[in-house]
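**Q** Have a look at this one.
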Amino acid sequence: MEIITSVKDMQNKVMSLKNQGKTIGFVPTMGFLHEGHLTLVENAREKSDYVAMSIFVNPLQFGPNEDFERYPRDIKRDEQLARQAGVDLLFYPSVEEMYKHNRTFKLSVENKVDILCGSKRPGHFDGVATVLIKLFNIVQPTYAYFGMKDAQQVAVVSSLIDEYNFPIELIPVETVREKDGLAKSSRNVYLTDEERKQAVVIYQSLQLARELIEKGETNPEVVQAAMEEYIKSHSSAVIDYVEIYSFPDLKTLTTLSGLVLIAVAIRFTNVRLIDNMTMEV
Ligand code: PAF
């Protein structure tokens, strides 16, 4: 595995691979790798000649009161995991390397962001879109892999790729879960033991939604209310949202039909967890 820290070196490397007709599968990450990331690499391995991973904790996507400084980092461990997973190129730039210019442009994501996590994190997707435009231009991937755990991000990236004409195929990958159903996340380390036990309610509430819909429920408000009630009565978590939209356009629905996204965010003492499922109704 080659570790590259400069934009120029990465671009040169990618250009030489492209000149040889090689395909590149790209897994963008903020590091502190877990099984979710490694599953993205596994998927990328199957389809591409070379797998590139970026590790970059992007300050632009963190709000002033969010956890940019506190975000877990362990590059030595990440290097080892990435190597074992079969990453060929690890792009690991510094903040100064990625944002060396005084910014002339400020990107604003206009749709799909005033709901779900976007509504709680103003500017978050502006930062995500900005760094992804840079990373896509640097890595020039054939395929880009994103976990469905952040379904809103998948929906926004899908529009980014379409609207900015990136010749990239977006490949969404199913969420990887712990044995009890909790979605894997770098932030799970902040749960206390008791909270870790309770955190499974987020997954269980999604299963409850699935059962209700499978039994014929088509009113999104009824499904939402049942999920909220379940979370409140089975945990000490505070509900940030339980929301249901069409996917991937993220439009409000009065009756459930087509591909729908059911998404949940809850907060424990030191951590906010998100999860979701999509289902055809
Ligand atoms: O999902 C993430 O880890 C980040 O939002 C991403 C896509 C790497 C951009 O910084």
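**Q** Would you mind getting the accessible area per residue of the range 171-276, heavy atoms of the protein chains only, 1.4 Å probe, in Å²? Walk me through the intermediate numbers first.
**A** Values: 5110 Å² over 106 residues.
Spelled out: the 1.4 Å probe surface of the range 171-276, per residue, equals 48 Å².
**Q** Per the 1.4 Å probe, what fraction of the accessible area of the range 136-199, in percent, lies on carbon and sulfur atoms? Numbers along the way, then the final one.
**A** Values: 1360 of 2920 Å².
For the range 136-199, the apolar C and S fraction of the accessible surface comes to 47 percent.
**Q** Cross-link list Lys112/Lys149; Lys18/Lys134; Lys106/Lys134; Lys149/Lys251; Lys22/Lys47; Lys76/Lys134: which exceed 21 angstrom alpha carbon to alpha carbon?
**A** Exceeds cut-off: Lys76/Lys134.
**Q** Now for a separate question. Report the chymotrypsin sites (Phe, Trp or Tyr not before Pro) located in the range 121-158 that are in a DSSP loop and have at most 13 other Cβ atoms inside 10 Å of their Cβ, or state none. Mind showing how you got there, number by number?
**A** Values: sites: Phe125, Phe136, Tyr143, Tyr145, Phe146; in loops: none.
Answer in residue order: no site qualifies.
**Q** Please report the orientation-averaged projected area of the range 49-109, defined via the convex hull of its C-alpha atoms, in nm².
**A** Values: hull surface 24.5 nm².
One quarter of the hull surface, i.e. the mean projection, equals 6.1 nm².
**Q** Rounded to the nearest 500, what is the 222 nm mean residue ellipticity of the chain from helices alone, with -39500 (n - 2.57) per DSSP H run of 4+ residues and division by all residues? Present the calculation step by step, with values, prior to reporting the outcome.
**A** Details: 10 runs with 110 residues, N = 281.
Value at 222 nm, helices only, nearest 500: -12000 deg cm²/dmol.
**Q** Of all the accessible heavy-atom surface of the range 9-80, with the other protein chains kept in place and a 1.4 Å probe, what percent is carbon and sulfur?
**A** Exposed carbon and sulfur together represent 45 percent of the surface.
**Q** What's the Cα-based Rg to Rh of the range 1-121, Rh via Kirkwood?
**A** Details: Rg = 16.0 Å, Rh = 16.1 Å.
Using only Cα positions, Rg/Rh for the range 1-121 is 0.99.
**Q** Continuing with the same structure: Taking the convex hull of the Cα atoms, report for the chain its projected area averaged over all directions, in nm². Don't skip to the answer; put the middle values down first.
**A** On the way: hull surface 60.0 nm².
Seen from a random direction, the Cα hull of the chain projects 15.0 nm² on average.
**Q** Between the DSSP loop rule and a limit of at most 16 other Cβ atoms within 10 Å, which chymotrypsin sites (Phe, Trp or Tyr not before Pro) in the range 204-281 are left?
**A** Of the chymotrypsin sites (Phe, Trp or Tyr not before Pro), not one in the loops of the range 204-281 has a Cβ with at most 16 other Cβ atoms within 10 Å.
**Q** If I take every Cα pair under 8 Å that is 6 or more residues apart in the range 134-182, average their sequence separation and divide by the length, what percent do I get for the relative contact order?
**A** Reported as a whole number, the value is 46 percent.
**Q** Given the range 162-261, what whole percent of its Cα pairs are spread farther than 18 Å?
**A** Summing the P(r) of the range 162-261 above 18 Å gives 58 percent of all pairs.
The values are calculated or read from the model by the stated rules, or taken from the named source; none is laboratory data. Source: prediction; values computed, not measured. Cβ coordinates were reconstructed from backbone atoms using ideal geometry, including for glycine residues, and neighbour counts include every protein chain displayed. Surface areas here come from the heavy atoms of the whole protein model, side chains and all, with no ligands, DNA or RNA. Shrake-Rupley method; radii C 1.70, N 1.55, O 1.52, S 1.80 Å.
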